[in-house]
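The values are calculated or read from the model by the stated rules, or taken from the named source; none is laboratory data. None of these values were measured; they are calculated from a predicted model. Using ideal geometry, Cβ is built from the backbone for each residue, glycine included, and neighbour counts are taken over all protein chains shown. For the accessible areas, the whole protein counts, side chains as well, though only heavy atoms, and no ligand, DNA or RNA atoms are used. Shrake-Rupley method; radii C 1.70, N 1.55, O 1.52, S 1.80 Å.
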Amino acid sequence: MKKTKFLSLAAACLLFTTLYSCKNNETETAIEKKADISTATLEKVKSLGFSTENIRKIDGGYLVEGDILLTEENLTEKSTSTNLSIAETEQYRTTNTVRSLPRVITVSVTNLPQVYSDAVNTMISRYNSLGLRITFQRAAAGTTGNINVVGFNEAPSGGFITLGSAGFPTSSGNPFNQIRMNTNTAAYGANPNLLYLASVIQHEVGHCVGLRHTDYMNRAFSCGASGAGNEGASNVGAVLIPGTPSTPDAASFMLACSNGGNRTFNANDVVALNYIY
């Protein structure tokens, strides 16, 4: 997710609408330039319905749309889903979702300050209050959970800063196994706010269980003009969720960019999660 922090340095921004894309408006440092990524890989990313603008090679795969990690498995697997229509403006899920339901998903936190651990507990309470067929709990002390929350330190770049990132469920039906949270002070400040962190982690868990950005059709809705553009149509990686609105949803926890504050599920998010799980 990202946050859009500037219009000018003085203008603060918004999330999941401007902050949540898994970025901030202080753009990320390019780990690998787009020109260094093969044409074949870029075409695979496009075929999955993801934008290749500002794509970066990072550990484990390719970071797209500010906070989504596409693994090599994501780039090579084929769609096996036939039960839903292709998305146009509603809320979206990926082809793969978590299977073997009902299911308990364990979450661990590795080498991060206590506030991140507390934020994970808040995220767990929020999801578990929905009564879904997936529930979350902390992994046993000293063990790594099905999802492990870890840190990285990356300064702003290009007008955005990455707040956190995650990937999508595997073809075998497991949730993505890692959420990376930016510990750079430009992301959350010297004393991160608990509810803000919980909101970003909640968003990244959404990706881990198969949700795409709500403003998929035009990320300018949450990210501002610098994030304008449709993330791309696809018959593989973006599937609409029936019952969700056909217009942008200002309060959704899965907006591409964050507003820098506390944001949790709105009514349409609950419809989407209940449809899948």
Non-local residues with an amide H under 5 Å from the amide H of residue 136, with H modelled 1.01 Å from N and Pro and chain starts lacking one, are 105, 128
Applied in sequence order to region 106-112, the curve 6.51 cos²θ - 1.76 cosθ + 1.60 (Karplus, θ = phi - 60°) yields integer Hz couplings, x standing for Gly and Pro, of 8, 10, 10, 10, 10, 6, 10
Amide H contacts under 5 Å for residue 145, restricted to residues at least 5 apart in sequence or on another chain and with H modeled in the peptide plane, are 108
Using a 1.4 Å probe on heavy atoms of the protein chains only, the accessible area for residue 105 in Å², nearest 10, reads 0 Å²
Full extension between residue 194 and residue 155 adds, at 0.36 nm per residue less the Cα distance, a length in nm of 12.0 nm
Relative contact order in percent for region 135-182 (Cα pairs under 8 Å, 6+ apart) equals 43 percent
Expected vector for region 149-160, Karplus 3J(HN,Hα) from phi with 6.51, -1.76, 1.60 and θ = phi - 60°, integer Hz, x for Gly and Pro, equals 9, 10, x, 8, 10, 9, 6, x, 7, x, x, 9
Quick calc: nm separation of the 7 Å Cα→Cβ label points for residue 186 and residue 111 -> 2.2 nm
